[in-house]
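S.K.: Take this structure first; my questions come after.
The values are calculated or read from the model by the stated rules, or taken from the named source; none is laboratory data. Computed from a prediction, not measured in an experiment: that's the story for all the values here. Because the Cβ atoms are built from the backbone with ideal geometry, glycine has one as well, and the counts that use them run over all protein chains shown.
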Amino acid sequence: MMTFGKLFNLDKIGKKFFVPSLIFIVALFAILTVINVGINNALLKSQMEKRGNAMASYMAKTSVFYYTNYDLGALDGFVQEVIKEPDVVYAVFYDENKKPLTVTSRKPANAASLMNYNQEIKDETGKTIGFLSLGYSSKAIAAAVRKGVWIMLLTMTLALILLSIGITFSVRKFIIHPLGKAVAVANRLTEGDLTVRIEAGGRDEIGQLISAFKDMVEKLKIIMSQVSSVTTSVNASANDIAVSVDQQATVASQQSAAVAEITATMEELSTSSTQIAEHSKTVVDLATKTWDNTKKGAAAAETVMLKMNDIHTDSQNSINEIVELGRKSREISKVMEIINTIADQTKLIAFNAALEASSAGEAGKRFGVVAVEIRRLADSVMESTGEIEAKINEIQDSINRLVIVSEKGSKGIQDGIEQTNQTAGSLLEIVEAAQATQEAAKQISLSTQQQKTASSQVVSALREIAAGSGQTSDAIHQISAISATLANHSDSLKELVNVFKLETVK
Amino acid sequence: MNRRSPSVYATLSLYVWAAGIVFLFAHQAAADPGVTANEVVLGMSNALSGSASALGKGVKTGAMVYFNKVNAAGGINGRKIKVISYDDKYEPKATVANTEKLINEDKVFVLFGYVGTPTSKAIIPLINKKRIIFFGPFTGAEFLRNPINKLIFNVRGSYFDEAEAQVEYLTRARGVKKIGLFMQKDSYGLAVKGGIVKALNKRDMTIAAEGLYERNTEDINAGFADIKKENPEAVSMVGTYKAMAAFIRKARSEQFNPIFLNVSFVGTAALIKELGAGGEGVIISQVMPSPQDASLSMIKQYRRDMKEAGHSEFDYTDLEGYADAIVFVEILKKAGKNLTRESFTKAAEGLDVTIGGMKFGYAPKNHQALKEVYMTRVSGSKAVPMN
């Protein structure tokens, strides 16, 4: 069953052609056979009818003589002759009363199934003198028809076989084989081998196909080589484009960056201008303030001078006090010495206490501890006194220094007063300067305002440029992307083109 | 002076001699087969065995009695009559084979004394082809008489005549209206039937019942039933003695007793012998006068010659054979020394003799020597002529 189904799997032209045409031919032959048989049957039947009628009428006519001569033997001889024919089932001559005259044959009971021919036998006067009944079997027809059918079937089968062989052969030779060649060529073409050689086909359709293939291959070769070269240049150009676009992109980026920098710078500038403006404002304020302050300062200088004088006085007073202080501290020192002496004595006492304590033993432990503590106290007093001493020394030094300094200071103050005078003078200069500064600062403020405006404008312009160059950048990126795609495509194309082998490799 | 050279003369005379010799030989060869200076050979094929053997034997016996007598007297025109006889058992195929032998091998002059209708019919093509004379067949078949075949010479009367006589007897003498026919299923039966039909048609009658049986058998039952079914008053029977006897016996046994009629071919003596007492009243039509009727000089002659030859029984069959021989011999006499088929034919067609009170005559348009039909009835185991 599988193979039967496989038979109908029309995967080959041979089968595609063969199986349907086989079916068609078989059907055709069957129809032809049927028709033929039918016609034969009809023909045979009519032949038989003719024959039967002819025989009957012949016999009837020739029997007249024998009827008139009562030669029943001759009539029976006729019958015997006729019966010899295998198709004839019966033949009987009857008298005018339908009683059989002949003996060799009788009409059978099943005569209805036969082809019966009845003739009236008339003498010259037209009087009926007898009858003839002839019966033919249709078995012969049937047999002949069957035979005919068999022959037909046989010849049809033979013809079928021959036809099949012929068709198969010619289909193979004239269609499948050339097609196979064409398919082989096409396969090589699919592999891209355009170097395939094709012999020119015949003048039939397949020959035309092969010729068309040949032309196609030629044209393809031309086209593909053109395409190849074009692709190469396209590819190069695409790459160039890509490169330049990249460059463009870089430039644009740089530009953009530069613009951004400029913008930033401009913004900084603007900011700094603002700051400058602010600073100059501040300067103005400062200048104003300076002027005010200087004025105040001048006033203050005077005050200072006065105060300086006061100070001088004070300092003189101070010096006196300091000397006093010095002296007092020397007194402290003396005190200190006393303390020290106390401390020392304390220490001795403590030491003695300790000795005593120790010798006191257990009861004197506490006392020893107290003694130790006293000693420590004494030590610390001594330390402290030492420190105080040191401190006093330091104070002494300091006081000394202070005296010096104060003396210096007093000198200094003298200088200071001079300086203050100078300062007052300078201050006045400063006032003037401050005024000028104020003016200048105001100018600066104005200028920087203008600068700020201008730089704002520049900034906005730059922003536009930035935006524009941003767009350009985007565009360039797009172009870059596209050109990258283009380059990819042309690479693919090149790859595709390279599939086709255009020259045979030597 | 003859200017021809002697060598020419020699050649010429040689030619003449050669021609003469050839002519002589040719002339000799022109003499018919079966005829020599002292002999004429006859070929006979008939039923010497089988169910019709009495007929063949009877014909042969009667004929040979006379031929022997003639030969004993020196023959005819210096020629003795020799008969080569074969047995065909009353079967046409054998008849043909025998006849071919007689003609091709034995090279007989004439065919003589054949018995039967189908047997004779079978060899007619051969006769016609070989142009051999067919003399005195023991059959009354119409086709041997009509149309005239130059080669065929009949002696006895025809079945048509017998049939007519029978029907006339039945209708006239017995007032029979319903006549049946029991016949041999072959040309013999049909030959007689034709006569019966003709005779009945003449009287606006038809065959009331018909029964058939196969030649050389006794299977009469089916045919008997067909006849008895119709219960005819008379049954005309066309067959040979054995089968006819069986039929009559059966009929008698079934109390079916129509008038039984037979034709001459049945074999009268044999039939009577078969039937015994049951044969009483059976009618047999004859073409020969009664062999018992010594008043006829032919019969006297016949009986004498038969006795001399050692035969004590006399029957229509051998009487007919005897009569055939007589006619033949008369023609031989008439043909003379130069005996050829042609001379025989000519002699025969001019024959017009009365021998033993019986008139035998042929003419170019008549190849049947006798015409009489005699009705007989079996009575007391004898066939008694009716009037």
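S.K.: Take A:L160 and decide whether it is more than 19 Å from A:Y58 (Cα to Cα) and in the same structural domain as A:N40 (by TED's automatic domain parsing). Reasoning before the result, please.
M.R.: Numbers: more than 19 Å from A:Y58 (Cα to Cα): yes; in the same structural domain as A:N40 (by TED's automatic domain parsing): yes.
Against the criterion (more than 19 Å from A:Y58 (Cα to Cα) and in the same structural domain as A:N40 (by TED's automatic domain parsing)), A:L160 qualifies.
S.K.: Could you please find all residues in the stretch B:180-191 being of a type outside the set (F, W, Y), under 17 Å from B:N221 (Cβ atoms) and more than 7 Å from chain A (Cβ to nearest Cβ)?
M.R.: Of everything in the stretch B:180-191, those that are of a type outside the set (F, W, Y), under 17 Å from B:N221 (Cβ atoms) and more than 7 Å from chain A (Cβ to nearest Cβ) turn out to be B:G180, B:L181, B:M183, B:Q184.
S.K.: Same structure again: Yes or no: the stretch B:115-122 includes at least one residue that is farther than 18 Å from B:G195 by Cβ and either within 11 Å of chain A (Cβ to nearest Cβ) or surrounded by fewer than 22 Cβ atoms within 10 Å (Cβ to Cβ) (or both).
M.R.: We begin by selecting, within the stretch B:115-122, every residue farther than 18 Å from B:G195 by Cβ; these are B:115, B:119, B:122.
From what is left, the residues that are either within 11 Å of chain A (Cβ to nearest Cβ) or surrounded by fewer than 22 Cβ atoms within 10 Å (Cβ to Cβ) (or both) are B:122.
Yes; the residues of the stretch B:115-122 include at least one that is farther than 18 Å from B:G195 by Cβ and either within 11 Å of chain A (Cβ to nearest Cβ) or surrounded by fewer than 22 Cβ atoms within 10 Å (Cβ to Cβ) (or both).
S.K.: Out of (1) in the same structural domain as B:R215 (by TED's automatic domain parsing); (2) in contact with a helix residue (DSSP H, G or I) (Cβ under 9 Å, 6 or more places away or on another chain); (3) among the acidic types (D, E), the odd one out for B:E280 is which?
M.R.: Tallying (1) in the same structural domain as B:R215 (by TED's automatic domain parsing); (2) in contact with a helix residue (DSSP H, G or I) (Cβ under 9 Å, 6 or more places away or on another chain); (3) among the acidic types (D, E), B:E280 fails exactly one: (2).
S.K.: Please go through the stretch A:403-412 and pick out each residue that is surrounded by 14 or more Cβ atoms within 10 Å (Cβ to Cβ), within 19 Å of A:M305 (Cβ to Cβ) and at pLDDT 70 or above.
M.R.: Of everything in the stretch A:403-412, just one residue is surrounded by 14 or more Cβ atoms within 10 Å (Cβ to Cβ), within 19 Å of A:M305 (Cβ to Cβ) and at pLDDT 70 or above, namely A:G412.
S.K.: Follow-up. Would the stretch A:25-46 turn up any residue that is hydrophobic (A, V, I, L, M, F, W, C), outside any helix (DSSP H, G or I) and either in contact with a strand residue (DSSP E or B) (Cβ under 6 Å, 6 or more places away or on another chain) or closer than 30 Å to A:L154 by Cβ (or both)? If you could, list the steps in order and put the result at the bottom.
M.R.: Residues of the stretch A:25-46 that are hydrophobic (A, V, I, L, M, F, W, C), as a first pass: A:25-32, A:34-35, A:37, A:39, A:42-44.
Now restrict to residues that are outside any helix (DSSP H, G or I): none.
Checking the stretch A:25-46: not a single residue is hydrophobic (A, V, I, L, M, F, W, C), outside any helix (DSSP H, G or I) and either in contact with a strand residue (DSSP E or B) (Cβ under 6 Å, 6 or more places away or on another chain) or closer than 30 Å to A:L154 by Cβ (or both).
S.K.: Let me ask something else about it. Is it fair to say A:A350 is without any contact (Cβ under 8 Å) to a residue 24 or more places away in the chain and either of a type in the set (G, A, S) or within 24 Å of A:L428 (Cα to Cα) (or both)? I'd like the intermediate steps shown before the answer.
M.R.: Numbers: without any contact (Cβ under 8 Å) to a residue 24 or more places away in the chain: no; either of a type in the set (G, A, S) or within 24 Å of A:L428 (Cα to Cα) (or both): yes.
Here the answer is no, as A:A350 does not meet what is asked.
S.K.: Look through A:L269, A:L220 and report the one residue that is surrounded by 18 or more Cβ atoms within 10 Å (Cβ to Cβ) and touching a helix residue (DSSP H, G or I) at 6+ places or on another chain (Cβ under 8 Å).
M.R.: A:L269
S.K.: Does A:A238 satisfy the condition of being part of a helix (DSSP H, G or I) and within 30 Å of A:S490 (Cβ to Cβ)? Explain how you work it out, then say what you get.
M.R.: On the way: part of a helix (DSSP H, G or I): yes; within 30 Å of A:S490 (Cβ to Cβ): yes.
Yes; evaluated as a whole, the condition is true for this residue.
S.K.: Let me ask you something else. Is it the case that some residue within the stretch A:108-116 is surrounded by fewer than 14 Cβ atoms within 10 Å (Cβ to Cβ), within 14 Å of another protein chain (Cβ to nearest Cβ) and in contact (Cβ under 8 Å) with a residue 12 or more places away in the chain?
M.R.: no
So that you can scan it fast, the table gives a plain yes or no per residue for (1) more than 14 Å from chain B (Cβ to nearest Cβ); (2) closer than 18 Å to A:N118 by Cα; (3) touching a residue at least 12 places away in the same chain (Cβ under 8 Å); (4) in contact with a Phe, Trp or Tyr (Cβ under 7 Å, 6 or more places away or on another chain):
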position: A:S46; (1), (2), (3), (4): yes, yes, no, no
position: A:E49; (1), (2), (3), (4): yes, yes, yes, no
position: A:T62; (1), (2), (3), (4): yes, yes, yes, no
position: A:F65; (1), (2), (3), (4): no, no, no, no
position: A:G73; (1), (2), (3), (4): no, no, no, yes
position: A:E85; (1), (2), (3), (4): yes, yes, no, no
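S.K.: Counting only residues that are aromatic (F, W, Y) and within 14 Å of another protein chain (Cβ to nearest Cβ), which one in the stretch B:123-169 is farthest from B:L261 (Cα to Cα)?
M.R.: Keep residues of the stretch B:123-169 that are aromatic (F, W, Y), which gives B:134-135, B:138, B:143, B:153, B:159-160, B:169.
Among the residues that remain, those that are also within 14 Å of another protein chain (Cβ to nearest Cβ) are: B:143, B:159-160.
Working: B:F143: 23, B:Y159: 13, B:F160: 14 Å.
Per the criteria, the residue is B:F143.
S.K.: Identify, please: which residue in the stretch A:87-107 is part of a loop (DSSP other than H, G, I, E, B) and away from chain B (no Cβ under 14 Å) and is, among those, modelled with the highest pLDDT? Step through it out loud before you land on a result.
M.R.: Looking only at the stretch A:87-107, we keep the residues that are part of a loop (DSSP other than H, G, I, E, B), and these are A:87, A:96-99, A:101-107.
Those left that are additionally away from chain B (no Cβ under 14 Å): A:87, A:107.
Numbers: A:D87: 84, A:K107: 92.
Top of the filtered list is A:K107.
S.K.: Quick one: is A:S133 among the hydroxyl-bearing types (S, T, Y), more than 14 Å from chain B (Cβ to nearest Cβ) and not in a helix (DSSP H, G or I)?
M.R.: Working: among the hydroxyl-bearing types (S, T, Y): yes; more than 14 Å from chain B (Cβ to nearest Cβ): yes; not in a helix (DSSP H, G or I): yes.
Spelling it out, A:S133 is indeed among the hydroxyl-bearing types (S, T, Y), more than 14 Å from chain B (Cβ to nearest Cβ) and not in a helix (DSSP H, G or I).
S.K.: On to the next question. May I ask you to verify whether A:E389 is in the same structural domain as A:T294 (by TED's automatic domain parsing), in contact (Cβ under 8 Å) with a residue 24 or more places away in the chain, part of a helix (DSSP H, G or I) and among the acidic types (D, E)? Before you say what the answer is, go through the steps one by one.
M.R.: Numbers: in the same structural domain as A:T294 (by TED's automatic domain parsing): yes; in contact (Cβ under 8 Å) with a residue 24 or more places away in the chain: yes; part of a helix (DSSP H, G or I): yes; among the acidic types (D, E): yes.
So A:E389 passes the test.
S.K.: Considering only residues that are without any contact (Cβ under 8 Å) to a residue 24 or more places away in the chain and among the hydrophobic types (A, V, I, L, M, F, W, C), which ones fall in the stretch B:198-230?
M.R.: B:A222, B:A225
S.K.: Same structure again: Only one of A:S237, A:S244, A:S270 is at pLDDT below 75 and assigned by TED's automatic domain parsing to the domain that holds A:I465. Can you tell me which?
M.R.: Values: A:S237 fails: at pLDDT below 75; A:S244 fails: at pLDDT below 75.
Step by step, each of A:S237, A:S244, A:S270 is checked, and only A:S270 is at pLDDT below 75 and assigned by TED's automatic domain parsing to the domain that holds A:I465.
The rows are residues; the columns are (1) within 19 Å of B:S285 (Cα to Cα); (2) touching a residue at least 60 places away in the same chain (Cβ under 8 Å); (3) surrounded by 24 or more Cβ atoms within 10 Å (Cβ to Cβ).
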residue	(1), (2), (3)
B:K129	no, no, no
B:P147	no, no, no
B:K150	no, yes, no
B:G157	yes, yes, no
B:A163	yes, yes, yes
B:L170	yes, yes, yes
B:V176	yes, yes, no
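S.K.: For the stretch B:99-187, give me every one of the strands (runs of 3 or more DSSP E) that falls completely inside it and has 2 or more residues that are farther than 23 Å from A:A74 by Cα.
M.R.: Details: elements: B:110-112, B:133-135, B:179-184.
Ranges flagged: B:110-112.
Per-residue answers, yes or no, for (1) in a helix (DSSP H, G or I); (2) within 14 Å of another protein chain (Cβ to nearest Cβ); (3) touching a helix residue (DSSP H, G or I) at 6+ places or on another chain (Cβ under 8 Å):
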{"site": "B:K193", "(1), (2), (3)": "yes, yes, yes"}
{"site": "B:I196", "(1), (2), (3)": "yes, yes, yes"}
{"site": "B:N201", "(1), (2), (3)": "yes, yes, no"}
{"site": "B:M205", "(1), (2), (3)": "no, yes, yes"}
{"site": "B:L212", "(1), (2), (3)": "no, yes, yes"}
{"site": "B:R215", "(1), (2), (3)": "no, yes, yes"}
{"site": "B:G223", "(1), (2), (3)": "yes, yes, yes"}
{"site": "B:A243", "(1), (2), (3)": "yes, no, no"}
{"site": "B:F247", "(1), (2), (3)": "yes, no, yes"}
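S.K.: Given the conditions (1) under 30 Å from A:E261 (Cβ atoms); (2) at pLDDT 75 or above, and given that A:D415 satisfies all but one, which numbered condition is not satisfied?
M.R.: (1)
S.K.: How many of the residues making up the stretch B:14-51 are exposed (fewer than 13 other Cβ atoms within 10 Å of the Cβ) and at pLDDT below 70?
M.R.: Our first condition is that a residue be exposed (fewer than 13 other Cβ atoms within 10 Å of the Cβ); within the stretch B:14-51, this holds for B:14-30, B:37-38, B:49.
When the remaining residues are screened for being at pLDDT below 70, the result is B:15-30.
Count: 16.
S.K.: Condition check: within 13 Å of B:I331 (Cα to Cα), hydrophobic (A, V, I, L, M, F, W, C) and in contact with a strand residue (DSSP E or B) (Cβ under 8 Å, 6 or more places away or on another chain). Does B:V373 satisfy that?
M.R.: Working: within 13 Å of B:I331 (Cα to Cα): no; hydrophobic (A, V, I, L, M, F, W, C): yes; in contact with a strand residue (DSSP E or B) (Cβ under 8 Å, 6 or more places away or on another chain): yes.
It is false that B:V373 is within 13 Å of B:I331 (Cα to Cα), hydrophobic (A, V, I, L, M, F, W, C) and in contact with a strand residue (DSSP E or B) (Cβ under 8 Å, 6 or more places away or on another chain).
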